[in-house]
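**Q** Have a look at this one before I ask anything.
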Amino acid sequence: MSEITLTFPDGAERNCLQGISGKALAESISKSLAKKAVAISLDGVVCDLADEIKADAAVKIITRTDPEALELIRHDAAHVMAEAVQELWPGTQVTIGPVIENGFYYDFAKDEPFKPEDLQRIEKKMHEIIQRNAPFTKEFWSRDKAKKQFKNNGEEFKIELVDAIPEGEDLKIYKQGDWLDLCRGPHMASTGQIGKSFKLQSIAGAYWRGDSNNPMLQRIYGTAWASDKELKAYLLQLEEAEKR
């Protein structure tokens, strides 16, 4: 196996075997860094810590307190929220759940409307899931396998999303414990790295894929931050804005 040259933010270079993972690279530097690491940046692109590094690259081991980690925290929180909703209300379909400015949302197809008090129930379940600290793992599936899985789960919206992915593009499935979703990634190493600095904020209606001819879904908005201090500051800012 050939060697590759990895260049760190301070300009230092290290020769490693081709195919080394971000996790193994962090471990080779220090055990403390490996514990803090949540992802890796390769030539400016954030990747899963488990991804193999196959060529020379500028690398940065991303820890939870780095600016690049905030989007990952929010992305992972969205996945955990979706898992929490399906645990609480089996049969609910999950659709899309992107990161947005200052937070995230997920759209759900659910027979009964969510109530404001449901947000606390979902938050509590999210804390339970995060406490389990299940690893995020990535798999590449065929379209047929993915569509069969989602059909068995009653996830009709996910089947439509699979069909919308261009031919030749990788179809990624991310798992966290027994729960899985179609997702481009990347994700942190485990649900535990999300932390507890998040808050579900509101419920709204949203048409599937933004088209009023499509079914109306229920959207839950949330925010997530790297620390309680940042979360409290943001919520205070919202309170003050509402008073104006």
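**Q** Taking the chain as a Gaussian network, where each spring joins two C-alpha atoms under 10 Å apart, which residue of GLU169, GLU27, GLU156 fluctuates the most?
**A** So, out of GLU169, GLU27, GLU156, the one fluctuating most is GLU169.
**Q** Rounded to the nearest 500, what is the 222 nm mean residue ellipticity of the chain from helices alone, with -39500 (n - 2.57) per DSSP H run of 4+ residues and division by all residues?
**A** -10500 deg cm²/dmol
**Q** Run down the aspartates and glutamates and flag those whose C-alpha is under 19 Å from the C-alpha of LYS145, throwing out any fewer than 8 positions away in its chain.
**A** Excluding near neighbours in sequence, the set is GLU155, GLU156, GLU160, ASP163, GLU167, GLU169, ASP170, ASP178, ASP181.
**Q** Running Debye on region 105-179 with equal point scatterers at the Cα sites and no solvent, what base-10 log of I(q)/I(0) appears at q = 0.11, 0.16, 0.17, 0.21 Å⁻¹?
**A** So the normalised log intensities are -0.40, -0.81, -0.89, -1.11.
**Q** Given a 1.4 angstrom probe, what's the average accessible area per residue across region 129-244, in square angstrom? Mind showing how you got there, number by number?
**A** Working: 6750 Å² over 116 residues.
Value for region 129-244: 58 Å² per residue.
**Q** Return the carbon/sulfur percentage of the accessible area of the chain, one whole number, probe 1.4 Å, all protein chains in place. Display every interim value, and only then the final one.
**A** Numbers: 6380 of 13160 Å².
Here it works out to 48 percent.
**Q** In vacuum, with every alpha carbon of region 188-244 counted as one equal point scatterer, what does the Debye formula give for log10 I(q)/I(0) at q = 0.14, 0.15, 0.20 Å⁻¹? Two decimals, please.
**A** -0.59, -0.65, -0.84
**Q** Taking the highest mean first, how do the peptides 223-230, 115-122, 180-187 order by number of other beta carbon atoms within 10 angstrom per residue?
**A** On the way: 223-230: 17.5, 115-122: 13.4, 180-187: 19.5.
Per-residue Cβ counts within 10 Å, averaged per peptide and sorted highest first, yield 180-187, 223-230, 115-122.
**Q** Taking the convex hull of the Cα atoms, report for region 1-42 its projected area averaged over all directions, in nm².
**A** On the way: hull surface 12.0 nm².
The orientation-averaged projected area of the Cα hull of region 1-42 comes to 3.0 nm².
**Q** Next question. Tell me the per residue accessible area of region 1-80 using a 1.4 Å probe; a whole number in Å² is fine. Please report the intermediate quantities before stating the final value.
**A** Working: 4090 Å² over 80 residues.
Ligands and nucleic acids excluded, the figure is 51 Å² per residue.
**Q** Strictly over 23 Å apart at the Cα level, which of LYS35/LYS175; LYS60/LYS158; LYS172/LYS232; LYS60/LYS196; LYS36/LYS138 would you flag in this model?
**A** Working: LYS35/LYS175 21 Å; LYS60/LYS158 34 Å; LYS172/LYS232 35 Å; LYS60/LYS196 25 Å; LYS36/LYS138 20 Å.
As for pairs spanning more than 23 Å Cα to Cα, those are LYS60/LYS158; LYS172/LYS232; LYS60/LYS196.
**Q** A further question on this structure: Please report the base-10 log of the normalised intensity I(q)/I(0) for the chain, using a Debye sum with one equal scatterer per alpha carbon and no solvent, at each q in 0.07, 0.13 (1/Å).
**A** -0.26, -0.87
The values are calculated or read from the model by the stated rules, or taken from the named source; none is laboratory data. Quantities reported herein were computed from a predicted structural model and do not represent experimental measurements. So basically every Cβ, Gly included, is an ideal-geometry build from the backbone, and we count neighbours across all protein chains shown. Protein only, heavy atoms only, side chains kept; ligands, DNA and RNA dropped before computing areas. Shrake-Rupley method; radii C 1.70, N 1.55, O 1.52, S 1.80 Å.
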